[in-house]
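First comes the structure, then the notes that go with it.
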Amino acid sequence: MSQSSPKKILVVDDEKEVVEYLSSILQRANYEVISTTQGKQALDLAFEHKPDLIILDVLIPDLRGEEIYRLLSENAETADIPIIFLTGIITEEDESFIQNLTGRSRLLAKPTTKEKILDAIHKTLEDHDLSLS
């Protein structure tokens, strides 16, 4: 029985410390991690690497999380990538947007714990795999 390759996760947050913290947790959990602090670069990385999941901050200065989500959703190659939105500050508009998303997204509030992050990733990937079968 061959071992499957590790799932690839794109981490996007404008705070370098958050990116480093999440990357460390995910690498220790045997995920392949790609990361950036820039929204526009996140799009480029998503199109180039086709990650299995994206952890995406809602508030990114150069391109907001919902705009990244919209642009990825409009492209056939990235439309099905599940997204976990991670945010410390959420407006009513952001909350409304996230609540109306398809089933491929979740919301995690900052600060969060390693256990909550890994649990959300596991559940999101599991739900995504079930929806493909």
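The values are calculated or read from the model by the stated rules, or taken from the named source; none is laboratory data. What you are looking at is a predicted structure, and each value in this text was computed from that prediction instead of being measured. Reconstructed Cβ throughout: ideal geometry from the backbone, glycine too, with neighbour counts over all protein chains shown.
Per-structure values
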read-out	value
In the range 1-36, residue nearest to residue 74 (Cα to Cα) [restricted to those that are of a type in the set (S, T, N, Q) and at pLDDT below 95]	5
Selection status of residue 112, at pLDDT below 80 and either touching a Cys at 6+ places or on another chain (Cβ under 6 Å) or β-branched (Val, Ile, Thr) (or both)	no
Residue that is modelled with the highest pLDDT [pool: residues in the range 74-109 that are hydroxyl-bearing (Ser, Thr, Tyr) and crowded, with 16+ Cβ neighbours inside 10 Å]	78
Residues located in the range 55-70, provided they are crowded, with 16+ Cβ neighbours inside 10 Å and assigned to a helix (DSSP H, G or I)	65, 66, 68, 69
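Matching residues to (1) more than 15 Å from the chain's Cα centre (by Cα); (2) surrounded by 14 or more Cβ atoms within 10 Å (Cβ to Cβ); (3) charged (D, E, K, R):
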residue: 5; (1), (2), (3): yes, no, no
residue: 9; (1), (2), (3): no, yes, no
residue: 12; (1), (2), (3): no, yes, no
residue: 21; (1), (2), (3): no, yes, no
residue: 28; (1), (2), (3): yes, no, yes
residue: 32; (1), (2), (3): no, yes, yes
residue: 38; (1), (2), (3): no, yes, no
residue: 43; (1), (2), (3): no, yes, no
residue: 51; (1), (2), (3): no, yes, no
